[in-house]
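All remarks here apply to the structure that follows.
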Amino acid sequence: MKPHLSDHVVVSDFRPDLVRWRQLVTPAWLAALIAGDAVDAAPPPGWRLFEAGCAGAGLFEQAHIPGAAYLDTRQLEQEPLWNKVSDEALLQLLLARGVHHDTCVILYGRNNLAAARAAHLLLYAGVRDVRLLDGGYPLWRAGGHACEQGPAPASAPTADFGAAFPAHPEYMLDTAQVRALLQQPGDVLVSIRTWNEFTGRVSGYSYIDGKGDIPGARWGRAGADGDVNSMSAYQRADGSMKQAAEIRRQWLSAGIGASGDRRQRTAFYCGTGWRASLAFFYAWLMDWPHISVYDGGWCEWSRDPANPVVRRCDAM
């Protein structure tokens, strides 16, 4: 139950449609927290704020949310498949950034898909309190909130994560696990890709040659064709999350979650993990059980000639 709010508490328009409503924060709430005002669902002392991006440290130093540190996704994933780094590398990165299992971590991005990718990996690792800034940096700026310049201060490292690592390996699937999932009646593999990617007209990426999709996957939608950074099927024009009921209806229309069986497993994937991570995070906010991300996605699946491929556009 949400706490009783006094007249001195800053309310952030938390979402009543979300079970994990604390984990999706607004720019107004974050601005109040940074200013030291009392806020609803305040994090414990020692909370951390990170801007996540890919090779964007220069832009970060020009302007960023006050108090933020920069987290480059190239430290979280590696070429050529852009799968996550090893568990040991991920652990050492979190320790170096001062992230303990009970540290509250608030994430945002200029492209909020980068923040969603980081959020998924922190949840996989076992960070208990991961929050995402709804609408990311663009919505922060649109609200007229302050920014600061310069590099982030050095992080104070921590010696111990304080919990088993990773705490939630079930949040991540590899290719062998996806093959097994496809053989299980009722379990669902969800393609978070554009229609042209899903049907095989395009691969979606300059570095992915294969066109098509995984047989048996259901189309979970993403955004505008030709834009792998668009998640307009899930987000409003300002980049904030659509109502949970609207997203659920969209999924149900595609046979995703249609059985109502709480034991059903749902695995999301896209090209390399960013869009799938946002779909995962939104499902996690709604408290969907047994959800995961297929880390390799279409990039890894399409590179193995032993994997079947369907090109739905050939039948249209």
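None of the figures in this text is laboratory data; all of them are computed from the coordinates on show. The shown structure was predicted, so the numbers you read here are calculated from the model rather than taken from an experiment. Because the Cβ atoms are built from the backbone with ideal geometry, glycine has one as well, and the counts that use them run over all protein chains shown.
Its DSSP H runs of at least 4 residues, each contributing -39,500 (n - 2.57), put the calculated 222 nm mean residue ellipticity of the chain at -8000 deg cm²/dmol, to the nearest 500. All other residues whose Cβ lies under 14 angstrom from that of Gly56 are scored, Lys and Arg at +1 and Asp and Glu at -1, for a net of 0. Net charge of the neighbourhood of Pro151, taken over other residues with C-beta under 15 Å away and scored Lys/Arg +1, Asp/Glu -1, is -3. FRET efficiency for Glu170 and Arg303, Cβ-Cβ distance as r, R0 = 35 Å, nearest 0.05? Computed FRET efficiency for Glu170 and Arg303 comes out at 0.90.
Relative contact order for region 21-142: 32 percent, from Cα pairs under 8 Å spaced at least 6 residues apart, divided by residue count.
If R0 is taken as 22 Å, the Cβ-Cβ distance between Ala89 and Trp47 corresponds to a FRET efficiency of 0.35. Excluding Ile65 itself, calculate the net charge of residues whose Cβ lies under 9 Å from the Cβ of Ile65, where each Lys or Arg counts +1 and each Asp or Glu counts -1. In short, -2. The modelled label-to-label distance between Ser253 and Asp227, using points 7 Å beyond Cα along the C-beta direction, is 1.9 nm. Once the Cα atoms are used to define both axes, helix 87-96 deviates from the longest principal axis of the chain by about 20 degrees.
Within region 24-124, antiparallel bridges make up roughly 20 percent of the DSSP beta bridges whose residues both belong there.
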